[in-house]
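Asker: Pasting a structure below so you can have a look.
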Amino acid sequence: MSQLHYALFTGCTAKQSTPELLSSTLAVAKKLGIKITILEEASCCGASHLQDFDEFLAHVLNARNICYAEKLGLTMITICNTCQLNSAMTKHALDTDPKLKARVNEKLAEVGLEYKGTSEIKHFLYCLIDEYGLDNIKNRIKVPLSQFNIAPFYGCHNIRPSELHNNANGKENPYNPTSLDKLIEALEGHPVDYAHKNKCCGFHVELQANHTSEVLAGNAMVDAIDNNADLMVTPCPLCHLKMDTYQDDVGHVIGRDVELPVLHMPQMVALALGCTEKEIGLNFHVQKATHLYSKTA
Amino acid sequence: MKPDSVKVTLKTFRFNAETDYLPYYKHYEMKVGKDELILDLLNRIKWEHDGSFSYRRSCRHGICGACGIKVNGRATLACKQNALELVELFGNELLIEPQSKKRVVKDMIIDKKDFWDKHAKVKPYVATDIDPHPEHETKQSIEEFNKFLDSDLCIQCGNCHYACPVVEVNENYLGPAAFNAAYRFTVDTRDEVGEERLKLTAQMESGVWDCVKCFECAEACPKEINPIEKITKLHNLQFEQGVAERNIATRHAEGFLRGMKKYGYLDEADIVSYSEGYLGMYKHLKTAAKMLRAGKIHWHSGIPFINSVPKIKNLNEVQKLIKISQTNKL
Ligand code: SF4
Ligand code: SF4
Ligand code: FES
């Protein structure tokens, strides 16, 4: 296999409140021999909120990000479900609406850029599965995760709307997603089957509709716990933030003690590949997670 | 090659509000042919197994919206959905349930009152004073018509509504179908009460700002309408037409620009204080302290004159693009 090379769109979260996501992603790529070029020029994707304020502006800014991946001639990869969705929505809108593309390019020309539509946009999870391959990952496992029951939490924006994602995520079906389950199995962990694995964590209304947000997160966490999960894993840092940092509030609202470490997908892979404690960064979690490293070390 | 028929077990939700204390599940086994629809299987339960089994259907052409149910949790229009496609996805046991278990009257039949009430609230019709003796028809250009996008295709099946997790936990939330209708008639050039609809859908708790953006509605719709796309358009229209009021939600949406102008990235600490105000921040103190301890945020994050957010390369491009491309303001 020739060496895989991607342009990494970090998003805001990995640059701020989840530094462990960035370090573990880079560590996994290094261990697997995947070349990463970070798109230092890329800005925020709008996180599905800027779009509500001004959809056209959000398209312009997302198109600008994609331009930089196009310049490198690389697939743009994301490590956040919401970055994935918003970038992919802009790509889809521009690739299917020539008038919009022209309007956006008129603005981009003012800063010397042009959106062409030549780069794919893919979440790192699907690069690992569809392009690197689970068998190749299996061959590189140093620390099998066989002692853990792991609850996969897929997050909305990687799987819905499926029509939009199907080219980038191996035709994952949102009603019966399997990618994370397969990845957990490949790392020799035990995937937990639970009804809420493809449901919403409520992150996006944390501020304005707090009760809704807590109930949605709580339902998912309790479902995972009741199905004997030792930890939860998610490809989305926003799901991570909701599930990890608000466990007390969530427990309070739904009347249960909730205690569950929530790992980023790359952290789980990094654990199994034998990356260093610092690279994996379990110490950055609000809900205690460092014991997972000691257990495998 | 795919088989022509497969043996399937239908695990079917049964409940009669008049006689049953609790719901139960009954199993029916049948050989299902490759051309059979879920509605054909419901018919066979009724005709061949149990005449008391109840469900709604009428047109059998995917246009009356009567036959919406859930199969293995997936919103389904029974008369449109091929059965073996679902077997391929879920395996040989299909779980047949009503759209909403808490609203069941009998088996698959639910009380859709909440759906119709919310739908009626948005005035789902062209509202205007018309001349009782018009001299010519009201014309609409193709461009004006195209503004509806696909929103006009809604058959009021309720699939999106009962797939929506916010409808499930917040009884005031109007829901994706009502929002789709609100959009449909607000952008209709013949209509005159658009502002009223925008104000209604801008309200907190019941309006579009409570949408969690899960895209369940987009996935559930058998007419491929994508209600959340219309929700985004309603958000934008509220700003465009000056209906949006300053509140946590609108400031949160608009506040992204503050960080992006300064750093290219969102300023995570600033967006919370800007959206909520410093007093509103108070309720996040406990969480903030925990995040601080874990190193997820830094002690100086909230202090305006210390920049804790990294800057992107070529930030000036983003600043310029915002200046020349911004179309809305709060
Ligand atoms: S995207 Fe919004 S309206 Fe649609 S199902 Fe989710 S919460 Fe409901
Ligand atoms: S928008 Fe689609 S799913 Fe919702 S009621 Fe209309 S047709 Fe049914
Ligand atoms: S029976 Fe009319 S839509 Fe299915």
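The values are calculated or read from the model by the stated rules, or taken from the named source; none is laboratory data. Keep in mind the model is a prediction, meaning the values are calculated, not measured. For neighbour counting, all protein chains shown are included, and Cβ atoms are generated from backbone atoms with ideal geometry for every residue, glycine included. Accessible surface is based on the protein model in full, side chains and every heavy atom, while ligands, DNA and RNA are left aside. Shrake-Rupley method; radii C 1.70, N 1.55, O 1.52, S 1.80 Å.
Asker: Which value in nm describes the separation of the simple spin-label points at A:LYS99 and A:ARG140, placed 7 Å from the Cα toward the beta carbon?
Answerer: 4.7 nm
Asker: Oh, and also: Would you please state which residues of region B:194-226 a label at B:GLU245 would reach in this model, taking the label point 7 Å out along Cα→Cβ and a backbone N cut-off of under 18 Å?
Answerer: The answer is B:195-211.
Asker: Please list the radius of gyration and Dmax for region B:1-51, considering alpha-carbon atoms only, with Å as the unit.
Answerer: When restricted to Cα atoms, region B:1-51 yields Rg and Dmax of 13.3, 47 Å.
Asker: Say each of B:GLU88 and B:ASP111 gets a label point 7 Å from the Cα, pointing the same way as Cα to Cβ; how far apart are those two points in nm?
Answerer: Inter-label distance under the simple model: 4.0 nm.
Asker: Ranked highest first by average number of other Cβ atoms within 10 Å, how do A:145-151, B:58-64 line up?
Answerer: Sorting A:145-151, B:58-64 by mean packing, highest first, produces A:145-151, B:58-64.
Asker: So what are the three principal axis dimensions of region B:181-223 from its Cα atoms, in whole Å, longest to shortest?
Answerer: The Cα atoms of region B:181-223 stretch 31, 27, 10 Å along their principal axes.
Asker: Still on this model: Using the Kirkwood radius over C-alpha pairs as Rh, can you work out the diffusion coefficient of region A:152-206 via Stokes-Einstein at 25 °C, viscosity 0.890 mPa s, in µm² per second?
Answerer: In µm²/s, the coefficient is 205.
Asker: Run the quick spin-label model on B:SER5 and B:LYS101: label points 7 Å from Cα toward the beta carbon, then report their separation in nm to one decimal.
Answerer: 3.2 nm
Asker: Something else: If the viscosity is 1.567 mPa s and the temperature 4 °C, what Stokes-Einstein diffusion coefficient in µm²/s follows for region A:169-247 when Rh is the Kirkwood radius over Cα pairs?
Answerer: D = 97 µm²/s.
Asker: Continuing with this model, one more query. Calculate how large, on average over all directions, the projected area of the Cα convex hull of region A:148-293 is; give the answer in nm² to one decimal.
Answerer: It is 8.5 nm².
Asker: Another question about this same structure. Between region B:174-210 and region B:70-108, what is the separation of their alpha carbon centroids in Å?
Answerer: First find each Cα centre; the distance between them is then 30 Å.
Asker: Restricting to the protein assembly as shown, what percent of DSSP beta bridges are antiparallel, rounded to 5?
Answerer: The antiparallel fraction comes to roughly 45 percent.
Asker: Using the Kirkwood radius over C-alpha pairs as Rh, can you work out the diffusion coefficient of the protein assembly as shown via Stokes-Einstein at 20 °C, viscosity 1.002 mPa s, in µm² per second?
Answerer: 83 µm²/s
Asker: Further question on the same structure: Which order do you get for A:LYS197, A:LYS35 if you rank them by accessible area with a 1.4 Å probe, largest at the top?
Answerer: Final ranking, largest accessible area leading: A:LYS35, A:LYS197.
Asker: Enumerate the whole-percent occupancy of each 20 Å bin, from 0 to the last occupied one, for all C-alpha pair distances of chain B.
Answerer: Result returned by the calculation: 25, 44, 29, 3.
Asker: Return the average number of partner chain Cβ atoms within 10 angstrom of each residue Cβ along peptide A:151-162.
Answerer: For peptide A:151-162, the averaged partner shielding equals 3.
Asker: Rounded to the nearest 500, what is the 222 nm mean residue ellipticity of chain B from helices alone, with -39500 (n - 2.57) per DSSP H run of 4+ residues and division by all residues?
Answerer: Working: 14 runs with 128 residues, N = 330.
My calculation for chain B gives -11000 deg cm²/dmol from helical runs alone.
Asker: Given the convex hull over the Cα atoms of chain A, what projected area results after averaging over all orientations, in nm²?
Answerer: So the Cα hull casts an average projection of 14.4 nm².
Asker: I've got another one for you. Over all directions, the average projected area of the alpha-carbon convex hull for region A:84-230 comes to how many nm²?
Answerer: 11.7 nm²
Asker: Okay, moving on. Using 17 Å as the cut-off for backbone N distance, which residues of region A:47-62 belong to the label zone defined by a point 7 Å from the Cα of A:ASN167 along Cα→Cβ?
Answerer: none
Asker: Mind checking B:68-81 for the average number of partner chain beta-carbons within 10 Å of each residue's beta-carbon? Can you show the working numbers first?
Answerer: Values: counts 0, 0, 0, 1, 2, 5, 4, 1, 0, 0, 0, 0, 0, 0.
Mean inter-chain Cβ contacts per residue within 10 Å come to 1.
Asker: If you bin the C-alpha pair distances of region B:18-152 every 5 Å from 0, what whole percents do you get?
Answerer: Taking all Cα pairs of region B:18-152, the binned fractions are 2, 8, 14, 18, 16, 11, 8, 8, 6, 5, 4, 2, 0 percent.
Asker: Another question, then. Provide, as a two-decimal number, the C-alpha radius of gyration of region A:1-133 over 2.2 N^0.38 Å, N being how many residues it has. Kindly include the intermediate steps, with their values, before the conclusion.
Answerer: Details: Rg = 14.7 Å, N = 133, 2.2 N^0.38 = 14.1 Å.
Working it through for region A:1-133, the quotient is 1.04.
Asker: Output the antiparallel fraction of DSSP beta bridges having both residues in chain B, as a percent to the nearest 5.
Answerer: 85 percent
Asker: Per-residue mean of other chain beta-carbon atoms within 10 angstrom of the beta-carbon, peptide A:192-200?
Answerer: Numbers: counts 0, 0, 0, 1, 0, 0, 4, 4, 8.
Mean inter-chain Cβ contacts per residue within 10 Å come to 2.
Asker: Tell me, Kirkwood radius of region B:5-87 from alpha-carbon pair distances, in Å?
Answerer: It works out to 13.4 Å.
Asker: Mind checking the dipole of chain A: about its Cα centre, +1 per Lys or Arg Cβ, -1 per Asp or Glu Cβ, Debye to the nearest 20?
Answerer: Here chain A has a charge dipole of around 740 debye.
Asker: Ok, one more. Restricting things to alpha carbons, tell me how big region B:95-209 is in terms of Rg and Dmax, in Å.
Answerer: 16.6, 57
Asker: Step through the table entries A:LYS199/B:LYS296; A:LYS197/B:LYS7; A:LYS99/B:LYS80; A:LYS182/B:LYS213; B:LYS70/B:LYS233; A:LYS295/B:LYS213, compare each Cα-Cα distance with 32 Å, and write down the pairs that go over it.
Answerer: A:LYS99/B:LYS80; A:LYS295/B:LYS213
Asker: From the gyration tensor of the Cα coordinates in region A:228-297, what semi-axes in whole Å does the equivalent ellipsoid have, largest first, with each one equal to sqrt(5λ)?
Answerer: After diagonalising the Cα gyration tensor, the semi-axes are 23, 12, 10 Å.
Asker: Taking the C-alpha atoms of region A:189-233, how large are the radius of gyration and the largest Cα-Cα span, Dmax, in Å?
Answerer: In Å, with Rg to one decimal and Dmax whole: 11.4, 37.
Asker: Can you tell me the convex hull volume per residue for region B:106-170, based on C-alpha atoms, in Å³ to the nearest whole number?
Answerer: Numbers: hull volume 9.9 nm³, N = 65.
Dividing the Cα hull volume of region B:106-170 by its residue count gives 153 Å³.
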